[in-house]
Each structure stands twice: as structure tokens, then as C-alpha cells.
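A.B. asks: Sharing a structure below in C-alpha cells format, with a few things to ask.
The values are calculated or read from the model by the stated rules, or taken from the named source; none is laboratory data. Computed from a predicted model, the values in this text were never measured in an experiment. Here the Cβ positions follow ideal geometry from the backbone for every residue, glycine too, while neighbour counts run over all protein chains shown. Each accessible area value is taken on the protein alone, full model and side chains, heavy atoms only, with ligands, DNA and RNA left out. Shrake-Rupley method; radii C 1.70, N 1.55, O 1.52, S 1.80 Å.
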Amino acid sequence: MAAAATTTFLPPIPTPRPRLAAAVRRPPPIFTGATDAVPPPEDDDSSDDDDGDAAVPRRRSARKDRRRAVRIAWEKLVRWSRSWRRRNRSDVLESTRKVVVLGGGSFGTAMAAHVAAKKDDLEVSMLLRDDLVCRSINHSHINCKYLPEHRLPENIIATTSAADALAGADFCFHAVPVQFSSSFLENISTHVDPKLPFISLSKGLELNTLRTMSKIIPRALGNRRQPFIVLSGPSFAVELMNKLPTAMVVASKDKKLASSVQQLLASPNLRISTSSDVTGVEIAGALKNVLAIAAGIVEGMNLGNNCMAALVAQGCSEIRWLATKMGAKPTTLSGLSGSGDIMLTCFVNLSRNRNVGLRLGSGEKLDQIMGSMNQVAEGVSTAGAVIALAQKYNVKMPVLTAVARIIDNELTPKKAVMELMNLPQVEEV
């Protein structure tokens, strides 16, 4: 009876089925991301061996196809480059007999050396004020004051005579500091051919007039139609002398003239782009020096990388706000003369303006810093002019304004940082 009750409440014991022999399984191949390297379905036992073996050659084939696509893209780029150079060959260098460089600083010297090295029979004349540097260049082929470790091409001739330097020149490179340019050019204006193209290497704003070099040069020479080109971009003189890869931009309202200067300067180690945005190139080149002082102050105060990135980003926005109000193209400000030059000047120790800020942030006085330098840091004199220009165009520029007040000794670096951090939290623009 008990046995019958038990069988009533307990389920019947299932009859075991005969077990099939277990198939030998291997883990599916790791998915590599290739479009055709799809792991085989796990349920398809019959295809495991075949698909697993075939996946390896498929992956190899996919990698080979990708490499082939990259190679073809590169070869197309090279062919386009060669074709473009053949179509755009110019006789500018061949027809140029003489180039004059005004000023004997490091960048003027580097540009003279670069052009002179392109053509052995090209006469490159440097107009200087220092007799000692003249003798050093002419006798030893070395600028004893700037870049003394680099030998200059023998077709560079230095002189203190404006008449000799400018006679018969095809192009003129202007490398005199902005604040001294007007008086310098007025003194030599009688020797300047009205059609001589001026290529400005100087970056900054004239303090009293807020003018850039595109306005200073024609006005000082008394010729509003003096051909003008501005050359700018991320470039240190010593790296040009060492023939390290460099890229710059020439800007002119005259596209044909910009193209001619491009052909004159382009070389295997120097790429030259062209632009018609003279305002954008000049303003970016002037304001980046002031921003570099701010970057140096942050470094000197050991405020960290977060602060450096925030400050430079804010400074870039301020430069964009002012430049576009003045008619510059936004694309110019993200190019070589804008972002490119800003990165180089703000983050590299070779920058004179950055070093001024570094020493200010470390506690040195401006007079002491300037007295120890043998070259001009344009950002120091440009800072005040930048703020006046910002007021003229009704643009708020807190970072660059703070630099101007520090330079005028009206604000300490520490106080400036505190004030900037306490500015209202606003929407990013």
C-alpha cells in the first residue's frame, strides 16, 4: 500500500537516452575587425574545420587588400604632386638676379641664407647698421651677432649703404622690427624702386598707430601701390639654417605676386602655401606673440598642463574674435599663420616671447629681462596696441588684456590668474 502511494506522488523515472559521441570543438577564431573575417556559426559543427582553416588566408587577403589600397592612394598623391609641379614650373628664380634683405637679425639672416643657397649666381645683399656684423659676414661668412655657429653662403654681401643694397633688386625682404620700421623706411625711401615687391618678415603692431606692416611699408615709402607680401608661419631661424622641414604661407592681394614669391622660396625643406588674406595672416602673427608671453607666465608659475591648455585655447578664441571683426577669414586662423604659429610660439623654448613670460612668471622684473636680451620680443611692445585695437573693435580679450597689464606693471601674474579664474562662467563661443 505504501509502495502504491509513493508511486502516486513521485514522477516516473525517465528512461535514459543513449548518449551520442561528443564532437571535438575548437574555439572560434578571434574576430579581427576585417569586413570578411566573420567567425563561423557555432552550431554548424560540420563546417568548423573548413571555415577555421579558411579564415586565416581570408584575413591575410584582407590585410593585403588594405595595404594595396593605401599604396595606391599614396602613389596617386605623388603622381598628382609631380604633375602639378610640371604644370606650374616658373622661371621666377631663373629670372631673379638680386634680392635684398633689410635687417640683420636671426630671421633676416636665415632667409638670406635660404634664398642664396637656391642659386649660386644670385646676389643677396643685406642692409645692416652694424659695421662689425657687416665685416663678419663679408670676411668670414658668419653673422657674429646672430647665428654665429652657421656659415653663410658666399653670395651674401652685407653693406651699410642703402643705395648699394637696393640698386637693381628684384625682391626685398623686410626684417626690421615693427617699432623701428617707419623711421628706417623713411630714411631709405629715395633708393626704393616704386615697383620693388616688399616681403615682410616682421610681426607685430605699431604701438602709436595700431598699423600692421601692410600699412606701415607703403605709408613710410610714400607709395600706396608698393607691392606687398607678408610671409608668416611656424618657423624658427635656427631650424631654417639647419634645413629642417618647415612650412610657411605668403599672403598678398595680388595672387600672381604671391605665386611668384612662393616659387622663389619653395625648396625641398621649405613648403610655401599662398593666401589672399593679408589681414588674417598679419593679425594672427602679431597677436600670437602676446599669447606666447601668457603661456610662458603659466609655465614660469608652474600652474600645470590643464591651465596651459585652457589659457592657450582661450587666447586662440580671442585672436579669432578680433581678427574676424577686422575682416580675416576663419580658415586662415586655423592654418599655418594662425594655429601653426601659435603652437610653435607658445609651447617651444626657442620662442623669445615665451621666454619673456617664463621669466615674468618666475618673478623677474620686465626691465631686467629686456636688458639681458640681444633680440626683440615683439609681444612686449605689441601687447598695449592689441588692447587698443580690441577696444576699437569692441572685442573682449581677457587673457591678452591681462598680459598687457602685467607688462605695464599694473598687475602681478598671480593676481592676473586669480582674476581670470573668477570671470563669469559663460557659454563657449
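A.B. asks: Can you work out which of the residues in the stretch 395-429 that are in contact with a Gly (Cβ under 7 Å, 6 or more places away or on another chain) and closer than 15 Å to residue 310 by Cα is surrounded by the most Cβ atoms within 10 Å (Cβ to Cβ)?
C.D. replies: 400
A.B. asks: Every residue in the stretch 113-132 that is in contact with a helix residue (DSSP H, G or I) (Cβ under 9 Å, 6 or more places away or on another chain) and not in a loop (DSSP other than H, G, I, E, B), please.
C.D. replies: Passing the criteria: 113, 114, 115, 118, 123, 124, 125, 126, 127.
A.B. asks: If you scan the stretch 134-149, which residues turn out to be within 19 Å of residue 180 (Cβ to Cβ) and modelled with pLDDT of 95 or more?
C.D. replies: 134, 143, listed by residue number.
A.B. asks: Right, next: Only one of these is of a type outside the set (A, V, I, L, M), open to solvent by less than 90 Å² (accessible area, probe 1.4 Å) and at pLDDT 95 or above: 90, 95, 125, 81. Name it.
C.D. replies: Going through 90, 95, 125, 81 in turn, just one is of a type outside the set (A, V, I, L, M), open to solvent by less than 90 Å² (accessible area, probe 1.4 Å) and at pLDDT 95 or above: 125.
A.B. asks: Hey, could you check the stretch 346-366 for residues that are in a helix (DSSP H, G or I) and in contact (Cβ under 8 Å) with a residue 60 or more places away in the chain and say which is most open to solvent (accessible area, probe 1.4 Å)?
C.D. replies: Once the filter is applied, the top-ranked residue is 359.
A.B. asks: Here's another thing I want to ask about it. Quick test for you: out of 219, 224, pick the one residue that is free of Cβ contacts under 8 Å to residues at least 12 places away in the same chain, open to solvent by 20 Å² or more (accessible area, probe 1.4 Å) and either farther than 19 Å from residue 382 by Cα or in contact with a Lys or Arg (Cβ under 9 Å, 6 or more places away or on another chain) (or both).
C.D. replies: One residue alone meets the criteria, 224.
A.B. asks: From the set of residues in the stretch 159-185 that are part of a strand (DSSP E or B) and open to solvent by 10 Å² or more (accessible area, probe 1.4 Å), which is farthest from residue 115 (Cα to Cα)?
C.D. replies: 159
A.B. asks: Continuing with the same structure: Mind listing whichever residues of the stretch 186-214 are polar (S, T, N, Q), under 17 Å from residue 285 (Cα atoms) and in a helix (DSSP H, G or I)?
C.D. replies: Passing the criteria: only 214.
A.B. asks: Separate question: Taking the stretch 227-240 as the search range and keeping residues that are over 14 Å from the mean Cα position of the chain (by Cα) and open to solvent by 30 Å² or more (accessible area, probe 1.4 Å), which one is farthest from residue 277 (Cα to Cα)?
C.D. replies: Restricting to residues being over 14 Å from the mean Cα position of the chain (by Cα) and open to solvent by 30 Å² or more (accessible area, probe 1.4 Å), the top hit is 238.
A.B. asks: Taking the conditions exactly as written (within 27 Å of residue 251 (Cβ to Cβ) and surrounded by 21 or more Cβ atoms within 10 Å (Cβ to Cβ)), does residue 116 satisfy them or not?
C.D. replies: Taking the combined requirement at face value, the residue satisfies it.
A.B. asks: Taking the options 201, 207, 221, name whichever one is touching a helix residue (DSSP H, G or I) at 6+ places or on another chain (Cβ under 9 Å) and closer than 18 Å to residue 124 by Cβ.
C.D. replies: Of 201, 207, 221, the one residue that is touching a helix residue (DSSP H, G or I) at 6+ places or on another chain (Cβ under 9 Å) and closer than 18 Å to residue 124 by Cβ is 201.
A.B. asks: I've got another one for you. Criterion first (closer than 18 Å to residue 283 by Cα, in contact with a strand residue (DSSP E or B) (Cβ under 6 Å, 6 or more places away or on another chain) and not hydrophobic (A, V, I, L, M, F, W, C)) does residue 381 satisfy it?
C.D. replies: no
For (1) open to solvent by 30 Å² or more (accessible area, probe 1.4 Å); (2) closer than 20 Å to residue 396 by Cβ; (3) touching a residue at least 60 places away in the same chain (Cβ under 8 Å); (4) touching a His at 6+ places or on another chain (Cβ under 8 Å), each residue gets a yes or a no:
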residue	(1), (2), (3), (4)
261	no, no, yes, no
266	yes, no, no, no
300	no, no, yes, no
305	yes, no, no, no
315	no, yes, yes, no
323	no, yes, no, no
330	yes, yes, no, no
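A.B. asks: Of all residues being in a strand (DSSP E or B) and among the hydroxyl-bearing types (Ser, Thr, Tyr) in the stretch 224-277, which is farthest from residue 333 (Cα to Cα)? Just the residue, please.
C.D. replies: 267
A.B. asks: Out of the stretch 367-417, which residues are touching a helix residue (DSSP H, G or I) at 6+ places or on another chain (Cβ under 9 Å), polar (S, T, N, Q) and in a helix (DSSP H, G or I)?
C.D. replies: If the condition is that a residue be touching a helix residue (DSSP H, G or I) at 6+ places or on another chain (Cβ under 9 Å), polar (S, T, N, Q) and in a helix (DSSP H, G or I), then 368, 381, 382, 401 are the ones that fit.
A.B. asks: As an exercise: evaluate residue 392 against (1) without any contact (Cβ under 8 Å) to a residue 12 or more places away in the chain; (2) open to solvent by 60 Å² or more (accessible area, probe 1.4 Å) and give the number of the one condition it does not meet.
C.D. replies: All conditions are met except number (1).
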